[in-house]
Amino acid sequence: MATFIISGSRGTDDPTMATLPFMAAKTAKEQGHDVVLWLWNEAVTSARKGSANHVVGVNLTPLKDLLAAIQAANIPVWVCGACAVARQIGQGDLVAGAVIKGMPDYIKAVAERDRTVTF
């Protein structure tokens, strides 16, 4: 088993790229790996309640279904705190399983993980 931190930077501005980190996190978990999903930049909007309902990438599983699978698999979803503040997103705005984290948390996780995948 490997450990992954998978990060995404795109949100509703690019539905296909917004979906890919969720697909990768789901797949890694299904393969038995330990996964953390880190959302930064516009990707933080994907963790806002209701936002995933409207995101469908080209020929991809709807984001709402991937988010439900990630929540069911208990994959931690970390939301960049500075990015969330810039978009007026607070902890209470986030879906279940998503938490606001800071850059120190992200860097520590990257240092401890076997692999980093970035979208």
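Values quoted throughout were computed directly from the atomic coordinates according to the rules given, and no laboratory measurement underlies them. Quick caveat: nothing in here was measured; it's all calculated off a predicted structure. Counting neighbours? That spans all protein chains shown, and the Cβs are built from the backbone with ideal geometry, glycine included.
Numbers at a glance
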{"item": "Nearest-20 debye value, the chain charge dipole, Cβ charges on Lys, Arg, Asp, Glu", "result": "120"}
{"item": "Fraction of antiparallel bridges per DSSP, the chain only, in percent to nearest 5", "result": "5"}
{"item": "Whole-Å semi-axes of the stretch 3-118's equivalent ellipsoid (Cα gyration tensor)", "result": "19, 18, 12"}
{"item": "14 Å beta-carbon shell around Leu94, net charge (K/R +1, D/E -1)", "result": "+3"}
{"item": "Gain upon complete extension [Val110, His54; 0.36 nm per residue less C-alpha separation]", "result": "17.1 nm"}
{"item": "Dipole of the chain [Lys/Arg +1, Asp/Glu -1 at C-beta], most positive-end residue of Ala82, Ala24, Met1", "result": "Ala82"}
{"item": "Reachable lysines, given that their alpha-carbon falls under 26 Å from the alpha-carbon of Lys108 and they are not under 8 places away in the same chain", "result": "Lys26, Lys29"}
{"item": "The chain: relative contact order in percent, alpha carbon pairs under 8 Å with at least 6 residues between", "result": "34"}
{"item": "Highest to lowest packing among 43-52, 82-91, 67-76, scored as the average C-beta count within 10 Å", "result": "43-52, 67-76, 82-91"}
